Amino acid sequence: MFDTFRRSWNLVKISWEILQQDRELLTFPFVSMLGGFVITIIYGIIAFVVLSAVGAFSTDEPTTFHSIVGFILLFLYYFCIYSVFTYANVALTGAVFIRFRGGDPTLKDGTDIANSMMPAILGFAAINATVGVILSMIRSNARESNNLVFQILGSLLAGILEFAWDVATFLAIPSMVDEKLNAIDSIKRSSQLVGSTWGRQLAGVAGMGFVFGLIITAIILIGFVLVLGTISLNSGLLTGLVVVVTLIAVIGVSLISGALTSIYRVALYFYANEKKVEYYDEAILQDAFRLKPA
């Protein structure tokens, strides 16, 4: 565990130093997060109205029709969410490519790149939405089953498929941006790069999520303790202030995590193509995906 933390922390430090050259790029993850929040609120309202209209809430046992309507709504939600996320990620990735190649990217550079790739972005969002719905269907059927073995196997299958999809698409956005590929070809290219560079039998992905997960968990725990303390003081204003500060801290860390992860993906893409990349130590990139021990 210590080695995992040390390796991930080194990635954070290197990626952070790169981000310091273009701090305005944090705008893209912020827009992504804000867009996701707005879409979720709108979707919640629309979904409630539609499901109420078809009588989904008036019966204890949803019918097949209700389930179909639910999955269609879920697909539309995923599609909208992934469209926003992918657009922001493509814009950020395009700007990072400019930095890695010695340029000085601006927000306009990133948005111009994303605007020029809308068909690929929407296609990638549609594919991700389809995969998301399929995984949701598998998990839903597993939860509703009366067979414990089927519940366990269904959950495991969904987890394995989700992990495999995450690995296969890990370099899809950098491939899409750099090679001007459509959604399907970028996924194929990503799978090819991961497989040819780090091997096809994967034991795990060493990323920065581990570090930021610990940081966010620590922030939430500290915030929870402080809230308990302010409650004991009977100060509603102070309690509200602590909650707001905690939320801002979590959002801030999440934004930084998103930006650094995109920088790291571009570095891995460069390494997969050229076996070298500026800023990062080769040993760190070699260890991004570990082969299973023989």
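In the stretch 67-85, the residues that are under 19 Å from THR169 (Cα atoms) form Cβ pairs under 8 Å with partners that are among the polar types (S, T, N, Q) and crowded, with 20+ Cβ neighbours inside 10 Å, at six or more places apart or across chains, as follows: TYR78/ASN128; TYR82/ASN128; VAL84/SER32; PHE85/SER32. If the condition is being surrounded by fewer than 18 Cβ atoms within 10 Å (Cβ to Cβ) and at pLDDT below 75, then the stretch 1-36 contributes MET1, PHE2, ASP3, THR4, PHE5, ARG6, TRP9, ASN10. ILE42 fulfils the conditions (1) under 21 Å from THR111 (Cβ atoms); (2) at pLDDT 85 or above except for a single criterion, (1).
How about the stretch 116-226: which helices (runs of 4 or more DSSP H) wholly inside it have at least 3 residues that are modelled with pLDDT of 90 or more?
Correct list: 118-144, 172-179, 183-198.
Residues that are of a type in the set (A, V, I, L, M, F, W, C) and either surrounded by fewer than 24 Cβ atoms within 10 Å (Cβ to Cβ) or in contact with a Ser or Thr (Cβ under 8 Å, 6 or more places away or on another chain) (or both) within the stretch 88-116 comprise ALA88, ALA91, LEU92, ALA95, VAL96, PHE97, ILE98, PHE100, LEU107, ILE113, ALA114, listed in sequence order.
Among residues of the stretch 249-267 that are charged (D, E, K, R), those with a beta-carbon under 6 Å from a residue that is surrounded by 24 or more Cβ atoms within 10 Å (Cβ to Cβ) at least six positions away or on a different chain give the pairs ARG265/PRO174.
Let's see how each residue does on (1) in a helix (DSSP H, G or I); (2) within 26 Å of the chain's Cα centre (by Cα); (3) closer than 20 Å to SER186 by Cβ:
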residue: PRO29; (1), (2), (3): yes, yes, no
residue: GLY36; (1), (2), (3): yes, yes, no
residue: ILE41; (1), (2), (3): yes, yes, no
residue: PHE57; (1), (2), (3): no, no, no
residue: PRO62; (1), (2), (3): no, no, no
residue: HIS66; (1), (2), (3): yes, no, no
residue: PHE79; (1), (2), (3): yes, yes, yes
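Matching residues to (1) charged (D, E, K, R); (2) at pLDDT 80 or above; (3) under 30 Å from PHE28 (Cα atoms):
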position: LEU228; (1), (2), (3): no, yes, no
position: LEU238; (1), (2), (3): no, yes, no
position: SER254; (1), (2), (3): no, yes, yes
position: SER257; (1), (2), (3): no, yes, yes
position: LEU260; (1), (2), (3): no, yes, yes
position: GLU274; (1), (2), (3): yes, no, yes
position: VAL277; (1), (2), (3): no, no, yes
position: ALA283; (1), (2), (3): no, no, yes
position: LEU291; (1), (2), (3): no, no, no
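Looking at the stretch 37-64, I want the residues that are surrounded by 11 or more Cβ atoms within 10 Å (Cβ to Cβ) and have a partner that is in a loop (DSSP other than H, G, I, E, B) and of a type in the set (Gly, Ala, Ser) with Cβ atoms under 9 Å, at least 6 apart or on another chain. Which pairs are those? Going by the 9 Å Cβ cut-off, the qualifying pairs are VAL50/ALA56; SER52/SER58; PRO62/ALA56; THR63/GLY55; THR63/ALA56.
Evaluate the following for PHE85: is it of a type outside the set (Val, Ile, Thr), out of contact with any Phe, Trp or Tyr (no Cβ under 7 Å at 6 or more places or on another chain), surrounded by 12 or more Cβ atoms within 10 Å (Cβ to Cβ) and in a helix (DSSP H, G or I)?
yes
The values are calculated or read from the model by the stated rules, or taken from the named source; none is laboratory data. These figures come from a predicted structure and were not determined experimentally. Note that each Cβ is placed from the backbone with ideal geometry, even for glycine, and that neighbours are counted across all protein chains shown.
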